[in-house]
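Please treat every number below as a calculation from the coordinates, not as lab data. Keep in mind it's a predicted model, so treat the numbers as computed, not measured. Cβ placement follows ideal geometry from the backbone for every residue including glycine, while neighbour counts extend to all protein chains displayed.
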Number of protein chains: 2
Amino acid sequence: MPRLKLINCLSGFKSANLMGTVSNDGIENVAIFSSVVHLGSNPPLLGCILRPHSVPRHTYENIRETEWYTINHVNTNIYEQAHQTSGNYRKEISEFDQAGLEAWYSKACAAPYVKESQIKIGIQPVEEHFIEANETMLLVGSIEEVWFPEHCREEDGFLNIEKAETVTISGLDAYHSTDRLSKLEYVRVDESMQREQ
Amino acid sequence: MPRLKLINCLSGFKSANLMGTVSNDGIENVAIFSSVVHLGSNPPLLGCILRPHSVPRHTYENIRETEWYTINHVNTNIYEQAHQTSGNYRKEISEFDQAGLEAWYSKACAAPYVKESQIKIGIQPVEEHFIEANETMLLVGSIEEVWFPEHCREEDGFLNIEKAETVTISGLDAYHSTDRLSKLEYVRVDESMQREQ
């Protein structure tokens with residue numbers, strides 16, 4: 001267990017997201033994920049690591065059924081509730097109820113959003129990659145809609161997720177708020193040192 | 001560009017790491033990555049998204065040549081230098097020199113570590129997955145050695161990366177320090193609600 005706790009810290013700070021899904025027969029599921037990763041902007045893609053043999057299995061089954069899932073930023077007001085969703089509940093149990101979170105639906109997206117989350121993303125699955133080394137899966141999803149508070153948008157398009165009180169995770173179970181040090185400039189390289197395009 | 005900046009913020013906070021590599025003819029390369037993700041603890045695996053058509057191409061070529069790379073946490077003392085490595089330099093140019101960072105070698109690992117980084121991980125590549133949706137690649141690596149300051153290790157095995165001044169990234173170019181809110185307990189579920197193993 002100490003070794004497992006150490007290894008979990010090595011990647012650095014992690015994103016803190018709740019994934020919302022629903023089964024075809026209407027059973028809602030919400031689960032915390034610290035493995036959501038930006039894959040690219042054009043087309044807009046997010047990746048996520050699923051562990052088919054552990055808790056998020058219901059999540060995966062639901063995504064296969066409805067072809068939709070949501071990613072919802074965990075913020076300072078709900079991180080303790082969000083952490084509760086990591087429990088190993090039976091499929092009939094709604095983690096929304098267990099964690100005291102509220103489901104909210106948009107018109108387009110079949111999966112439930114987390115109402116308390118300030119930044120919400122509606123996603124459709126596009127690719128799966130099975131990682132043989134530990135039998136996990138990279139799920140690639142296409143961003144179909146985004147909900148965020150207008151006051152978090154900066155002039156250049158940047159979304160100030162710190163203003164939305166989004167938290168970050170380290171290891172298995174530590175939650176952190178953040179303080180912006182700086183927004184740095186795009187790095188321009190002197191022509192003599194530039195790589196050819 | 002505003003859209004690209006927005007999309008880059010949606011995954012939440014990102015890990016901030018420098019990847020160190022070297023070519024067979026000894027040209028060192030170091031590049032910042034915000035896509036390093038924990039894949040699993042047993043075996044200990046890290047993932048990373050490579051964009052073969054952009055800057056980190058040299059990184060990829062070097063990994064193929066030496067079968068080693070390093071992941072080094074970016075901390076508050078070096079984040080501005082680390083950001084410099086995102087420039088588009090020719091292969092002959094060492095980003096260590098350009099960014100004012102120092103390479104350091106262990107006995108086992110062929111790739112250079114970043115001396116200024118407090119948490120350093122030596123990795124060997126084990127799997128590659130080509131993501132068709134945007135022609136990027138998930139590189140899966142096996143953690144072979146880890147260097148960290150002893151005072152950052154907590155009693156339960158947890159590595160306090162905040163104490164190591166590790167930073168986190170949002171979007172393309174914003175750097176943040178962190179404040180730990182809490183380390184939460186493992187969630188135990190009442191037997192009547194538990195999923196069968």
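The H on the amide N of A:Gly40, modeled in the peptide plane, is under 5 Å from the matching H of A:Leu45, each at least 5 residues off or on a different chain. Count of lysine pairs in segment A:2-193 with Cα atoms under 24 Å apart, counting only pairs 8 or more residues apart in sequence or on different chains? Total qualifying Lys-Lys pairs in segment A:2-193 comes to 13.
Across segment B:156-168, computed HN-Hα scalar couplings (Karplus, 6.51 cos²θ - 1.76 cosθ + 1.60, θ = phi - 60°) run 7, x, 4, 9, 7, 6, 5, 5, 7, 6, 4, 9, 10 Hz from first to last residue, x flagging Gly and Pro.
Remark: mean inter-chain Cβ contacts per residue of B:181-191 equal 6, using a 10 Å Cβ-Cβ cutoff to other protein chain atoms. Legend: mean number of C-beta atoms from other chains within 10 angstrom of residue C-beta atoms, peptide B:125-132, equals 4.
Apply the Debye scattering formula to segment B:137-182, with a single equal point scatterer on each alpha-carbon and no solvent, then give log10 I(q)/I(0) at q = 0.28 Å⁻¹. For segment B:137-182, the Cα-only Debye profile gives -1.03.
Peptide A:89-99 has a mean of 2 when you count, residue by residue, the C-beta atoms of other protein chains within 10 Å of its C-beta. Is any residue of segment A:1-24 close enough, with backbone N under 19 Å, to a label point placed 7 angstrom from the Cα of B:Tyr186 along the Cα-Cβ axis, and if so, which? Residues A:1-10 fall inside that zone. Treating the angle as unsigned and between 0 and 90°, give the value, to the nearest 10°, between the Cα long axis of helix A:57-66 and the longest Cα principal axis of chain A. Helix A:57-66 sits at roughly 90 degrees to that axis. Across all Cα atoms of the protein assembly as shown, the radius of gyration (one decimal) and Dmax (whole number) stand at 20.1, 68 Å.
For segment B:20-118, the Stokes-Einstein estimate of translational diffusion at 37 °C and a viscosity of 0.692 mPa s comes to 238 µm²/s, using the Kirkwood hydrodynamic radius over alpha-carbon pairs. Residues whose amide H lies under 5 Å from that of A:Phe13, counting only those 5 or more places away or on a different chain, are B:Ala16; hydrogens are built 1.01 Å from N in the peptide plane.
Cα-Cα pairs above 19 Å in segment A:2-193: how many percent? It would help to have the intermediate numbers written out before the result.
Numbers: 11258 of 18336 pairs.
Pairs farther apart than 19 Å: 61 percent.
Helix-derived [θ] at 222 nm for the protein assembly as shown: sum -39500 (n - 2.57) over DSSP H runs of at least 4, divide by residue count, nearest 500? Let's see the in-between values first.
Details: 8 runs with 54 residues, N = 394.
My calculation for the protein assembly as shown gives -3500 deg cm²/dmol from helical runs alone.
With label points defined 7 Å past Cα in the direction of Cβ, position A:Ser23 shows copy-to-copy spacings of 5.6 nm, given to one decimal and shortest first.
Taking the Cα centre of segment A:44-197 as origin and assigning +1 to Lys and Arg Cβ atoms and -1 to Asp and Glu Cβ atoms, the resulting dipole is close to 300 debye.
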